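The values are calculated or read from the model by the stated rules, or taken from the named source; none is laboratory data. From a predicted model like this one, the values you see are computed outputs, not experimental measurements. Glycine also receives a Cβ, built like all others from the backbone with ideal geometry; neighbour counts cover every protein chain displayed. The area values use the complete protein model at the heavy-atom level, side chains included, leaving out ligands, DNA and RNA. Shrake-Rupley method; radii C 1.70, N 1.55, O 1.52, S 1.80 Å.
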Amino acid sequence: MDKVIVTRKIPQKFIEQLEQSYEVYMWDEAYEPMPRDQFLESIKDATACFITLSEKIDDTVIDQAPNLKVIANMAVGFDNIDVSLAQSRGIVVTNTPKVLTETTAELGFTLMLTVARRIVEAEHYVQQGDWQSWAPYLLAGKDLFNSKVGIYGMGDIGKAFARRLKGFNTQVMYHNRTRNRHAEEKLGALYVPFDTLIEHSDFIICTAPLTEETRNKFDKPVFEKMKSDAIFINIGRGAVVDEKALIDALQNKEIAGCGLDVLRKEPIDMSHPLLKMDNVVILPHIGSASVTTRDRMVQLCVDNITRVLNNQPPKTPVQLDD
Ligand code: 8YV
């Protein structure tokens with residue numbers, strides 16, 4: 001019988017689907033990933049694994065898993081997986097595109113407005129009993145309407161973000177590896193060189209995946225070029241940002257604030273300097289975290305596993321660009 005490893009606790013209704021045909025080993029802790037040692041041990045005789053971004057799939061894992069046929073990643077991003085190595089060993093890698101697009105764009109939008117209108121500071125202000133009077137510029141923030149918004153990464157999530165901006169009377173610019181006609185013609189997004197995007201945007205939203213091209217893309221010179229009242233939002237991957245450069249930019253007031261749903265090291269260390277700044281909002285990587293969307297992501301992983309183990313093409317295989 002094929003053995004499926006599930007590295008995170010997922011609802012029983014999905015496990016039951018897999019158990020109809022396979023032996024399933026699920027890690028049972030709700031908020032802790034399966035320890036690496038245990039993962040390496042259990043994958044030895046597995047034919048399929050259901051993983052999240054907490055699991056790094058490298059040569060150690062692949063060498064350990066001679067029977068593995070499919071790796072189903074519960075994420076659209078797959079920078080945690082050495083995809084070319086897996087594919088060179090005949091292992092199919094799948095991800096969860098499309099099903100999480102709208103939920104992730106919504107979170108990005110929420111984060112942008114939260115930083116712009118200083119919502120976290122305002123809430124703390126009330127909770128701490130500091131609200132003793134009204135003042136003309138009390139917690140005054142930044143308007144989104146009439147602003148210039150720059151989107152870095154015009155994939156599905158970038159487009160869903162641009163669509164949401166339509167109601168806010170903003171000027172939308174974008175930069176992407178390739179031009180996106182749909183974004184230009186249907187969403188009115190203007191393609192600009194990267195330098196133009198960072199120099200002229202009031203809000204800069206990063207939705208980019210982590211690749212060799214995007215790693216550390218937002219570094220010191222980039223933050224220096226931004227407007228001093230710019231707000232930077234990252235819902236892509238943490239390593240697209242040089243965090244030291246971001247901290248310097250905030251401390252030197254080269255930018256006005258930031259909102260991050262993703263960090264270089266997750267979970268963040270409590271001593272991280274970004275946690276001490278009022279104009280920074282950090283979220284624990286919850287971009288796709290609505291119950292409906294998480295259900296859809298899990299179901300897609302289950303479907304991909306089932307299809308590959310039945311010698312059918314998966315619904316959403318990861319395909320590397322040439
Ligand atoms: C995932 C994400 O929930 O899809 C992605 O790439 O970042 C999130 O939606 C997270 O990566 C867990 O695997």
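Here the Karplus curve 6.51 cos²θ - 1.76 cosθ + 1.60, taken at θ = phi - 60°, turns the phi angles of region 285-291 into couplings of 6, 10, x, 9, 8, 10, 4 Hz, with x standing for Gly and Pro. Amide H contacts under 5 Å for Ile57: Ile81, Asp82, restricted to partners 5 or more places along the chain or on a different chain, H placed in the peptide plane at 1.01 Å from N. Taking Cβ atoms as reference points and 12 Å as the exclusive limit, the residues near Leu283 contribute a net charge of -2, counting Lys and Arg as +1 and Asp and Glu as -1. More than 27 angstrom separation, counting every C-alpha pair in region 101-282; what % is that? Of all Cα-Cα distances in region 101-282, 24 percent exceed 27 Å. The alpha carbon convex hull volume per residue for region 217-322 rounds to 143 Å³. All other residues whose Cβ lies under 9 angstrom from that of Asn67 are scored, Lys and Arg at +1 and Asp and Glu at -1, for a net of +1. The helix-based estimate of mean residue ellipticity at 222 nm for the chain, built from -39,500 (n - 2.57) per DSSP H run of four or more residues and divided by its residue count, is -9500 deg cm²/dmol to the nearest 500. Provide, for q = 0.09, 0.13, 0.14 Å⁻¹, the log10 of I(q)/I(0) from a solvent-free Debye sum over equal Cα point scatterers in the chain. Computed log10 I(q)/I(0) values: -0.52, -0.99, -1.10.
The listed peptides 36-48, 255-267, ordered by packing as a protection proxy, come out as 255-267, 36-48 (highest mean of other Cβ atoms within 10 Å first). Taking amide hydrogens as placed 1.01 Å from N in the peptide plane, the amide H of Met26 sits under 5 Å from those of Val6, each at least 5 positions away in sequence or on another chain. The dipole here belongs to region 158-243: it is taken about the Cα centre, uses +1 on the Cβ of Lys and Arg and -1 on the Cβ of Asp and Glu, and is about 500 debye. Computed from backbone phi with θ = phi - 60° and the Karplus coefficients 6.51, -1.76 and 1.60, the 3J(HN,Hα) list for region 72-83 is 9, 8, 7, 5, 7, x, 9, 5, 7, 10, 7, 5 Hz; x is used for glycine and proline.
Electrostatic bookkeeping for Glu23 treats Lys and Arg as +1 and Asp and Glu as -1; over the other residues with beta carbon under 11 Å from its beta carbon, the sum is -2.
Considering only protein heavy atoms, what per residue accessible area in square angstrom results for region 227-322 with a 1.4 angstrom probe?
48 Å²
Our coupling estimate for region 238-245, obtained by passing each phi through the Karplus curve with A = 6.51, B = -1.76, C = 1.60 and θ = phi - 60°, is x, 6, 6, 10, 7, 5, 5, 5 Hz, Gly and Pro reported as x.
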